[in-house]
Amino acid sequence: MSPATQVAVELNALTEQQVLDFISQLPVSPPQARVGLYGLFHGLDTIEAEIAEARREMWGQFPREGF
């Protein structure tokens with residue numbers, strides 16, 4: 001029997017009040033704040049020369065011969 005089926009069988013055996021009591025006792029975690037794309041790089045001191053160097057390294061051999 002799958003876990004989902006087992007849960008359904010157990011829930012059907014409980015009264016509505018028992019289910020509500022159980023749910024009210026479950027811990028509630030606060031929602032986590034989302035970080036935007038600009039926030040990911042906040043505080044990094046990347047200069048234009050480093051970006052240009054990374055581009056040269058990535059695209060230096062593009063397009064390759066033979067394809």
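The values are calculated or read from the model by the stated rules, or taken from the named source; none is laboratory data. Remember, predicted model here, so these are calculated numbers, not experimental data. We place every Cβ from the backbone using ideal geometry, glycine too, and count neighbours over all the protein chains shown.
Data overview
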read-out: Filtered residue count, segment 1-50, keeping only those that are of a type in the set (Asp, Glu) and at pLDDT 90 or above; value: 3
read-out: Tabulated pairs, segment 19-38, first under 19 Å from ALA8 (Cα atoms), second not acidic (Asp, Glu), C-beta under 8 angstrom, 6+ apart or interchain; value: VAL19/LEU11; PHE22/LEU14
read-out: Residue within segment 19-41 that is surrounded by 10 or more Cβ atoms within 10 Å (Cβ to Cβ) and of a type in the set (S, T, N, Q) present; value: no
